[in-house]
Amino acid sequence: HICLETDVAFDQQGNIFVSDGYFDARVVKYDKNGRFVKAVGKQGRANLEFNTPHSIATDFQGNVYVGDRGNARVQVLDNDLNLKAVYDTVGNPWAVCVSGGPHQYLYSSNSWPDSSDSRGLPNTGEVYKMELDGTIIGKFGKGGKALGEFSTIHQMDCRDPNTIYTAEINNWRAQKIVLK
């Protein structure tokens, strides 16, 4: 039973991964036919525990990247949902995205919601570009409402590793960012 899922991702074999974010705080795997395979996680701060797993993406090797928003980290799982790594230097990931292409990258948004304390605005709003091993290559953007600024990126598309589309729920807009 899924309760308020927050995102879905598919691996190269068609398996389905769901971030069950608001009540169950877990990740669920189904096979390509929709049959339950496994679930991991519960509410908490330890490894394989989540506080609003808000976004999920997979790479070509089948690894699963979970934006653990409330714990300010990305938890990386293998295809069997075992913990591989934790990336805790990219703020609060409201959205994660793994690019296409022969060299894949992980993007993570550190979003600032309008309802948050405005003193946090200077420390949020950026999007991080990383190697899949968590090495930060760079970042762009800042919190705000102007072009190139972001407020609560709720989803990203990064099929092309140098063209990122963002969808913001507080600014009610999408932006296209071309990296050079």
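Data table
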quantity: Where a residue in the range 84-103 is closer than 13 Å to residue 58 by Cα and its partner, wherever it lies, is surrounded by fewer than 22 Cβ atoms within 10 Å (Cβ to Cβ) and among the hydroxyl-bearing types (Ser, Thr, Tyr), with Cβ under 7 Å and at least six apart; calculated: 98/58; 99/105
quantity: Single residue of 60, 23, 17 found to be in a loop (DSSP other than H, G, I, E, B), aromatic (Phe, Trp, Tyr) and touching a residue at least 40 places away in the same chain (Cβ under 8 Å); calculated: 60
quantity: Candidates 102, 93 - the one that is surrounded by 13 or more Cβ atoms within 10 Å (Cβ to Cβ) and under 30 Å from residue 31 (Cα atoms); calculated: 93
quantity: The range 41-57, residues that are within 24 Å of residue 13 (Cα to Cα) and open to solvent by less than 20 Å² (accessible area, probe 1.4 Å); calculated: 53, 54, 55, 56, 57
quantity: Hey, residue 83 open to solvent by 10 Å² or more (accessible area, probe 1.4 Å), of a type in the set (A, V, I, L, M, F, W, C) and either touching a helix residue (DSSP H, G or I) at 6+ places or on another chain (Cβ under 9 Å) or farther than 29 Å from residue 171 by Cβ (or both) or not; calculated: yes
quantity: Every residue from the range 133-152 that is assigned to a strand (DSSP E or B), crowded, with 17+ Cβ neighbours inside 10 Å and either touching a helix residue (DSSP H, G or I) at 6+ places or on another chain (Cβ under 7 Å) or in contact (Cβ under 8 Å) with a residue 40 or more places away in the chain (or both); calculated: 143, 150
quantity: Conditions (1) surrounded by 22 or more Cβ atoms within 10 Å (Cβ to Cβ); (2) modelled with pLDDT of 95 or more; number of the one not met by residue 21; calculated: (2)
quantity: Residue in the range 118-126 that is open to solvent by less than 20 Å² (accessible area, probe 1.4 Å), under 16 Å from the mean Cα position of the chain (by Cα) and within 20 Å of residue 25 (Cβ to Cβ) present; calculated: no
quantity: Search result, residues across the range 1-14 that are open to solvent by less than 40 Å² (accessible area, probe 1.4 Å) and either part of a strand (DSSP E or B) or acidic (Asp, Glu) (or both); calculated: 6, 7, 9, 11
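The values are calculated or read from the model by the stated rules, or taken from the named source; none is laboratory data. From a predicted model like this one, the values you see are computed outputs, not experimental measurements. We place every Cβ from the backbone using ideal geometry, glycine too, and count neighbours over all the protein chains shown. These accessible areas exclude ligands, DNA and RNA; they are computed on the full protein's heavy atoms, side chains included. Shrake-Rupley method; radii C 1.70, N 1.55, O 1.52, S 1.80 Å.
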